[in-house]
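This report concerns only the one structure given below.
Since every read-out is calculated from the coordinates, none of them should be taken as a lab result. Worth saying up front: this structure is predicted, and the values here are computed from it rather than measured. Don't worry about glycine lacking a Cβ; one is built from the backbone with ideal geometry, like all the others, and counts go over all protein chains shown.
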Amino acid sequence: MSLPAPLTELLEYVDFNQRSLFISAAAIAFNPTFWNIVARKEYRTRFMTKAFGSAQRGCYFLAATIFSLGLVRDFLYERALRDQPTHPALETDNVKYASYVLLALGNLLVISSTWQLGITGTFLGDYFGILMDKMVTGFPFNITSAPMYYGSTMSFLGSALLYGKPAGILLTLHVLLVYIVAIQYENPFTSGIYAKREKERAKAAGFEEKKEL
Ligand SMILES: *[C@@H]1O[C@H](CO)[C@@H](O)[C@H](O)[C@H]1NC(C)=O
């Protein structure tokens, strides 16, 4: 099997002998794996709600943990990039401008979606039984259904281009893959949580109607 030319070219500038590359890749895959395991366990057993005395506090603690893990992941990514060769074709002004645009748009998507959803809405509150009243449809959710994931991916690519590192582009592809898998795994589950709420609401409304008769 032969790889497409740009990918071969890219891989020639990736130093696979650097352990930091694999540590970064592992951290990228670890984070969504971690929060999905913890959140589903919370949904099934309420272990964090019990430990922290309330769903709100449990969710805030999980949010702080996920946020910190994100900082560690970003640190390991930057360290991995530092250990990697730079591609001369990426050291141009245009690539620099493109990287600034990607970083700005990526951060805009992440920050605006956090703003729209709030802390519990962003950090898996639905698994704690803290549901949004209704679906958020305003910006950035009118552009993409997963602004957090695509914004984060854009920031990874922006950093890769800013430092001119093909290894960063490769790690960004890994990020995208991990997020696509995460979306496939998370969306049906959260839809199920909300479908259950709607059913309960409908049942309660039916009960109200009967009472009025
Ligand atoms: C999304 O919403 C923003 C703010 O309300 C608006 O400016 C933008 O045009 C909308 N985009 C699309 C694609 O609808």
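Assorted remarks:
- R0 of 25 Å, Cβ-Cβ distance Phe141-Asp93: FRET efficiency to nearest 0.05: 0.15
- Label separation (Leu69 vs Glu200): 2.6 nm, computed from points 7 Å beyond Cα along the C-beta direction.
- A full extension of the chain between Ile37 and Arg79 corresponds to an added length of 12.4 nm, given 0.36 nm per residue minus the alpha carbon distance.
- For the range 1-61, applying the loop criterion from DSSP together with a ceiling of 10 other beta carbons within 10 Å to the GluC sites (Glu not before Pro) yields no site.
- Counting only DSSP H runs of at least 4 residues, each contributing -39500 (n - 2.57), and dividing by the residue count of the chain, the helix-based mean residue ellipticity at 222 nm comes to -27000 deg cm²/dmol.
- Sites Leu131 and Phe16, calculated FRET efficiency, Cβ-Cβ separation with R0 41 Å, nearest 0.05: 0.35
- Over all other residues within a Cβ to Cβ distance under 12 Å of Glu42, the charged ones net out to +4, with Lys and Arg as +1 and Asp and Glu as -1.
- Per-bin percent of Cα-Cα distances, the chain [5 Å]: 1, 7, 12, 16, 16, 14, 11, 8, 6, 4, 2, 1, 1, 1, 0, 0
- Evaluated at q = 0.21, 0.22, 0.25, 0.32 Å⁻¹: base-10 log I(q)/I(0), Debye formula over Cα of the range 1-42: -0.76, -0.78, -0.85, -0.97
- Estimated FRET transfer efficiency (Leu108, Phe61; beta-carbon r; R0 30 Å; 0.05): 0.65
- The 3J(HN,Hα) values that the Karplus relation (6.51, -1.76, 1.60; θ = phi - 60°) gives for the range 49-56 are, in residue order, 4, 5, 5, 9, x, 7, 4, 4 Hz. Gly and Pro appear as x.
- Long-range lysine pairs (8 or more apart or interchain), the range 5-212, Cα under 29 Å: 20
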